[in-house]
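K.L.:
I'd like to ask some things about the structure below.
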Amino acid sequence: IHLRKSKPVMVAAGLIWIIVALSLSSQGDIKTAEETVRHNLLEFAELFLFLLAAMTYINSMDERGVFDALRGWLVSQGFSYRGIFWITGGIAFVLSPIADNLTTALLMATVVMAVGGTNKGFVVIACINIVIAANAGGAFSPFGDITTLMVWQKGILQFQEFFVLFIPSLVNWLIPAAIMNFWLPKDAPDPLDEKPQILDGAWVIVGLFIVTIGLAVSFHQYLHLPPVLGMMTGLGILKMYGYFLANRDKFFPDPSADDIGESSLLEDTMPDSRDTSSRPPAFNVFKALQRAEWDTLMFFYGIILAVGGLGALGYLNLGSDLMYGDLGPTTANILVGILSAVLDNIPIMFAVLSVMPEMNQGQWLLVTLTAGTGGSMLSIGSAAGVAVMGQARGVYTFFAHLKWTWAIALGYAASIWAHFLVNGASFG
């Protein structure tokens, strides 16, 4: 029905907490509901600010033309269909641990659609490959997926401990990709002549993003502070650099320019001001801030509050006893990945983190892997899949993805086996 996902879940959160408050107050308890919801709001605030800083950096790099340059290079090289399939998948796998799986999937899907053109069969298979690769790449990095970010922020796994999932994640992508490779056309599309412009400050912003990631890790590892403080400090640095970039002509005038126009020292107070001359628009960090995925951020609010409400009512403990008590952690964690394909991995992982079942490091790594990659089995199971469905509307569809679920499931099973094989010592 094309209803944005944040809307029903925000309403559901409000209704659930009405039920929680009424239930507890009927027993004479008027404090627990307030204390619990404040705790959930604190968790949301940390996630919200962290993602807002990351999204602003990604949008800033996009506005400066960094991603357009990558896309322009890919579509102009004259690669074969198979070459494009493996290159876009490989870039998605490598880029998603840094730029997150959603942004990476959208970027690579744009490349595939530009190159694939009318060859719908290729576009479908390439989009499926990108979704799998982006989700798999995001599973071995705290910055690659919301689920891994939540596990890291909770302090369950250290930053460097996620990287032992690299081989299982690689297996998760390579097996279905190798199977789909046999159905790819062998010829090559006509190369496109595309020369995007990289604007001033693009590579400095890339460098500042890397510094910001380092700050987030350092705040968490060495200062024992929430990583969101490092991200927000980095966002402040980006804002300061944005001010310099927007007003550089004022500070360092070009003597060869006759009339550079009136410099906008009002960048902080008039974010909508634009240079109307033929020069590229001045960088404005507030524009990048406005372009954040607000629907996604509000969706996280609804999910965290709704799942927290279910926990307050006791449903999460019942589910935990059933899955982790009766079935055991290994079976339960494999089921978490399968459920995430149907119900979305974020509420599933938040539910697991809310009950905090007793598990060793190997099992926590396993649930991180399965929650991150299990959503690839259905197009609706991950943010990357849903986003690419919107990008390639009418071509990459739920049923087109469903035809390859069996191959993706093989990769899912093989990645679990690889995890037990490679990281068996962590189960001790």
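K.L.:
Would a scan of segment 237-250 turn up a residue that is among the charged types (D, E, K, R), modelled with pLDDT of 90 or more and not in a loop (DSSP other than H, G, I, E, B)? Steps first, please.
P.N.:
Narrowing segment 237-250 to residues among the charged types (D, E, K, R): 239, 248-250.
Add one more test, that the residue is modelled with pLDDT of 90 or more, and what stays is 239.
Then drop every residue that is not not in a loop (DSSP other than H, G, I, E, B), which leaves 239.
Scanning segment 237-250, I find at least one residue that is among the charged types (D, E, K, R), modelled with pLDDT of 90 or more and not in a loop (DSSP other than H, G, I, E, B), so the answer is yes.
K.L.:
Something else now. Please specify each residue of segment 214-238 satisfying the condition of being hydrophobic (A, V, I, L, M, F, W, C) and open to solvent by 30 Å² or more (accessible area, probe 1.4 Å).
P.N.:
Applying the first criterion (hydrophobic (A, V, I, L, M, F, W, C)) to segment 214-238 yields 215-217, 219, 223, 225, 228-229, 231-232, 235, 237-238.
Hits for segment 214-238 are Leu215, Phe219, Leu223, Leu225, Leu229, Met232, Ile237.
K.L.:
Considering only residues that are assigned to a loop (DSSP other than H, G, I, E, B) and touching a residue at least 40 places away in the same chain (Cβ under 8 Å), which ones fall in segment 281-315? Explain how you work it out, then say what you get.
P.N.:
Applying the first criterion (assigned to a loop (DSSP other than H, G, I, E, B)) to segment 281-315 yields 281-284, 291-293, 314.
The answer is Phe283, Asn284, Arg291, Ala292, Glu293.
K.L.:
If only one of Val388, Val285 is among the hydrophobic types (A, V, I, L, M, F, W, C), surrounded by 23 or more Cβ atoms within 10 Å (Cβ to Cβ) and within 24 Å of Ala45 (Cβ to Cβ), which one is it?
P.N.:
Val285
K.L.:
Condition test on Ser218, is it under 27 Å from Ile346 (Cβ atoms), in a loop (DSSP other than H, G, I, E, B) and among the small types (Gly, Ala, Ser)?
P.N.:
no
K.L.:
Is it the case that some residue within segment 354-362 is part of a helix (DSSP H, G or I), out of contact with any Lys or Arg (no Cβ under 7 Å at 6 or more places or on another chain), open to solvent by 60 Å² or more (accessible area, probe 1.4 Å) and within 25 Å of Ala177 (Cβ to Cβ)? Let's see the steps before the verdict.
P.N.:
As a first pass, look at segment 354-362 and keep what is part of a helix (DSSP H, G or I): 354-355, 361-362.
Narrowing further to those that are out of contact with any Lys or Arg (no Cβ under 7 Å at 6 or more places or on another chain): 354-355, 361-362.
Subset that is open to solvent by 60 Å² or more (accessible area, probe 1.4 Å): 361.
Filter again for within 25 Å of Ala177 (Cβ to Cβ), leaving none.
No, the conditions are met nowhere in segment 354-362.
K.L.:
Here's something else I'd like to know. Here are the criteria: (1) in contact (Cβ under 8 Å) with a residue 24 or more places away in the chain; (2) open to solvent by 80 Å² or more (accessible area, probe 1.4 Å). Tell me which single one Lys7 does not satisfy.
P.N.:
Lys7 satisfies every listed condition except (1).
K.L.:
Looking only at segment 20-32, filter to residues that are exposed (fewer than 13 other Cβ atoms within 10 Å of the Cβ) and of a type in the set (A, V, I, L, M); which one of those is modelled with the lowest pLDDT?
P.N.:
Here the residue is Ile30.
K.L.:
Quick one: in segment 33-62, of everything that is of a type in the set (Ser, Thr, Tyr) and open to solvent by less than 20 Å² (accessible area, probe 1.4 Å), which residue is farthest from Thr233 (Cα to Cα)?
P.N.:
Going residue by residue through segment 33-62, those that are of a type in the set (Ser, Thr, Tyr) are 36, 56-57, 60.
Subsequent filtering for residues that are open to solvent by less than 20 Å² (accessible area, probe 1.4 Å) retains 56-57, 60.
Working: Thr56: 13, Tyr57: 12, Ser60: 16 Å.
The extreme case among them is Ser60.
K.L.:
Scan segment 316-334 and report the pairs whose first residue is within 22 Å of Met377 (Cβ to Cβ) and whose second residue is open to solvent by 50 Å² or more (accessible area, probe 1.4 Å), with Cβ atoms within less than 7 Å and a gap of 6+ or a chain change.
P.N.:
Taking only residues 6 or more apart or on different chains, the pairs are Met323/Leu335.
The values are calculated or read from the model by the stated rules, or taken from the named source; none is laboratory data. In this text, all values refer to a predicted model and were calculated from it rather than measured experimentally. Counting neighbours? That spans all protein chains shown, and the Cβs are built from the backbone with ideal geometry, glycine included. The area values use the complete protein model at the heavy-atom level, side chains included, leaving out ligands, DNA and RNA. Shrake-Rupley method; radii C 1.70, N 1.55, O 1.52, S 1.80 Å.
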